[in-house]
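The values are calculated or read from the model by the stated rules, or taken from the named source; none is laboratory data. On a predicted model such as this, the values are computed, not experimentally measured, just so you know. Cβ placement follows ideal geometry from the backbone for every residue including glycine, while neighbour counts extend to all protein chains displayed.
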């Protein structure tokens with residue numbers, strides 16, 4: 001067994017440098033506390049020095065929280081080579097660790113109008129000042145990946161000048177994401193022949209889609225003690241190395257390990273996605289919605305026989321293996337989907353084939369099928385209308401919204417073939433509908449699943465009458481995991497309502513199976 005690799009998460013600093021991403025102070029604090037006390041990363045970088053006052057106010061809040069929870073030495077802030085300014089800005093907040101941004105490539109140094117001698121002089125003055133006021137210092141070698149290739153003599157002078165007794169660790173940065181894995185080992189070893197440090201981190205960017213692979217290559221040298229990551233690969237341009245992918249990669253693909261709690265990674269990814277408004281790609285490793293979905297019936301059949309097994313098991317990350325509902329499902333895949341999504345296990349081969357024919361017809365005509373659609377097909381194809389407990393006809397839901405005011409919904413639904421009506425208010429038409437539905441459900445002993453995530457898809461043609469798809473992710477209240485429903489309508493509110501009614505039917509089937 002190798003060593004335990006430190007994980008430094010920079011979502012709240014480097015991650016939020018991505019265009020259009022933002023979080024409130026409360027959201028940042030939720031992410032920071034969950035990273036340190038839940039997921040269990042070793043350190044977090046939370047801000048850049050000398051940024052607007054609001055950033056300093058945030059730093060004071062997270063510093064106070066960290067002090068109260070005995071984690072002050074695990075909070076880090078990026079600072080510049082400016083003698084006192086960054087150090088004073090950081091120290092004024094109560095933070096104790098500065099990550100000093102030193103130019104690791106000659107063109108980076110020239111771009112700020114400094115000679116190598118002057119940059120080294122100011123670096124040393126900045127380090128001395130930090131130590132005098134009680135700040136610990138780590139050094140970022142910005143552009144190290146370029147310096148080690150194009151300005152090695154410059155980089156050597158920087159490396160020789162670092163006062164090792166005054167600096168905690170050195171952090172090697174592939175700032176523009178230009179490296180590939182085969183280069184990493186040689187460049188790390190070349191650097192550390194000069195820089196004899198026990199604590200060396202790697203900080204990789206994803207411009208070629210190689211940040212995770214490059215990070216693992218660094219760890220595999222055995223010379224790297226820490227890695228820098230962001231949740232969901234957030235970050236400038238193509239982003240940074242992914243926390244969830246790097247952690248699992250280290251644990252599975254190297255002889256080293258981390259202290260991160262893997263079962264909480266998916267929750268963290270969903271939290272960050274929700275806060276920043278950037279969806280997790282369906283095919284994202286570890287946290288993507290499709291990562292544990294078998295789309296081919298051959299794979300479903302093989303998995304049941306013990307084939308296609310890897311260490312990436314759904315239970316490990318708080319997920320479940322499911323089967324897609326499509327023309328490629330085959331009988332094995334469809335049987336599996338019926339059991340997983342609806343708890344239906346009693347259909348014979350003829351019934352399965354009839355259902356598969358209908359599924360294939362819809363899928364080949366461009367329909368994305370979910371648990372709600374599958375239940376409707378079971379009801380239709382097998383002539384079991386009693387499975388559908390709740391339905392609505394066009395025109396039986398009226399939604400009115402007032403700019404700046406509450407929305408009103410008047411709904412007339414069929415529940416077990418009996419008409420029910422309610423009127424309700426909310427923040428928008430769908431919220432008003434759900435408020436009324438939940439109130440009615442209490443008296444009718446109907447289960448309403450918990451809404452986890454909500455997304456809208458409108459075709460790119462840009463027509464105002466285009467059909468809208470509303471994809472909602474729900475949590476089953478019986479603890480059997482999550483499921484999706486997709487409602488379709490030219491009206492966004494009605495598409496959402498159709499999706500919700502599907503979910504109610506999935507959770508309240510009227511026929512025991």
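Looking at the range 300-322, which of its residues are in contact (Cβ under 8 Å) with a residue 24 or more places away in the chain and out of contact with any helix residue (DSSP H, G or I) (no Cβ under 7 Å at 6 or more places or on another chain)? Of everything in the range 300-322, those that are in contact (Cβ under 8 Å) with a residue 24 or more places away in the chain and out of contact with any helix residue (DSSP H, G or I) (no Cβ under 7 Å at 6 or more places or on another chain) turn out to be 304, 312.
Here residue 255 meets the list (1) over 19 Å from the mean Cα position of the chain (by Cα); (2) under 30 Å from residue 102 (Cα atoms) almost entirely, failing just condition (2). Here residue 325 meets the list (1) under 20 Å from residue 507 (Cβ atoms); (2) in contact (Cβ under 8 Å) with a residue 60 or more places away in the chain; (3) not in a helix (DSSP H, G or I) almost entirely, failing just condition (2).
Considered as a group, the residues in the range 377-403 that are in a loop (DSSP other than H, G, I, E, B) and loosely packed, with under 13 Cβ neighbours inside 10 Å include one that is modelled with the highest pLDDT, and that residue is 383. For the condition surrounded by fewer than 19 Cβ atoms within 10 Å (Cβ to Cβ) and in contact with a helix residue (DSSP H, G or I) (Cβ under 6 Å, 6 or more places away or on another chain), residue 358 qualifies. Just one of (1) surrounded by fewer than 17 Cβ atoms within 10 Å (Cβ to Cβ); (2) modelled with pLDDT of 90 or more fails for residue 485. It is (1). Do we have residue 454 as within 30 Å of residue 320 (Cα to Cα) and touching a strand residue (DSSP E or B) at 6+ places or on another chain (Cβ under 7 Å) here? Judged against the criteria, residue 454 is a match.
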